[in-house]
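Enquirer: The structure that follows is given in the form of structure tokens.
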Amino acid sequence: MYSLPMTNTLRPLSVIGAEMVPLLKALPEGHMARWAGLAQAEPICSLETIHDNYFSDSGQYVVACLLGNITGWRGEDAKRIRAELKAHMAQKKR
């Protein structure tokens, strides 16, 4: 399991999204994580935290959908980004 380095700050969702969109677009055309993940990765680019809204959807909902849609995405980048997104989701529970 991938764990984040011990820091007190999380990168904003917009920064994570800006990194993730080109990575997802680089996946093969038929890869499920490409078309399913991009549906939520692009809206994340306009969010800073899960407490923000994307139109009528909460940031928490958008991130939760994204995490569900990128389960088939593999590799070190995927593991690191999923860990960051899960860390954002954990903030809601505090």
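None of the figures in this text is laboratory data; all of them are computed from the coordinates on show. Quantities reported herein were computed from a predicted structural model and do not represent experimental measurements. Every residue, glycine among them, receives a Cβ derived from its backbone with ideal geometry; neighbour counts consider all protein chains shown.
Enquirer: Candidates (1) 13.6; (2) 16.5; (3) 13.2; which is the computed Kirkwood radius over Cα pairs in Å?
Expert: Derived directly from the coordinates: (3).
Enquirer: I would also like to ask the following. Loop only by DSSP, 12 or fewer other Cβ within 10 Å of the Cβ. Give me the chymotrypsin sites (Phe, Trp or Tyr not before Pro) in the stretch 14-94 that pass, ordered by residue number.
Expert: Loop-located and lightly packed - PHE55.
Enquirer: Show that you can apply the helix-only estimate: for the chain, add -39,500 (n - 2.57) for every DSSP H stretch of four or more residues, divide by all residues, and state [θ] at 222 nm to the nearest 500.
Expert: -19000 deg cm²/dmol
Enquirer: Related question: Let me check against my output: what whole-number percent is the relative contact order of the chain, with C-alpha pairs under 8 Å and at least 6 apart?
Expert: 33
Enquirer: At 7 Å along the Cα-to-beta-carbon direction for both SER46 and SER14, put a label point, then send me their distance in nm to one decimal.
Expert: 1.2
Enquirer: Still on this structure, I have one more. Quick check for me: using +1 on Lys/Arg Cβ and -1 on Asp/Glu Cβ, what's the dipole size of the chain about its Cα centre, in debye to the nearest 20?
Expert: The dipole of the chain has a size of about 380 debye.
Enquirer: A follow-up question, please. Give me HIS31, HIS51 sorted ascending by neighbouring Cβ count inside 10 Å, so fewest comes first.
Expert: The order, fewest Cβ neighbours first, is HIS51, HIS31.
Enquirer: Using alpha-carbon positions, what is the distance between the centroids of the stretch 15-58 and the stretch 63-94, in Å?
Expert: So the separation of the two Cα centres works out to 11 Å.
Enquirer: With a 10 Å Cβ neighbour count serving as the proxy for reagent exposure, in which order, fewest first, do LEU85, LEU10 appear?
Expert: Taking fewest neighbouring Cβ atoms as first place, the list is LEU10, LEU85.
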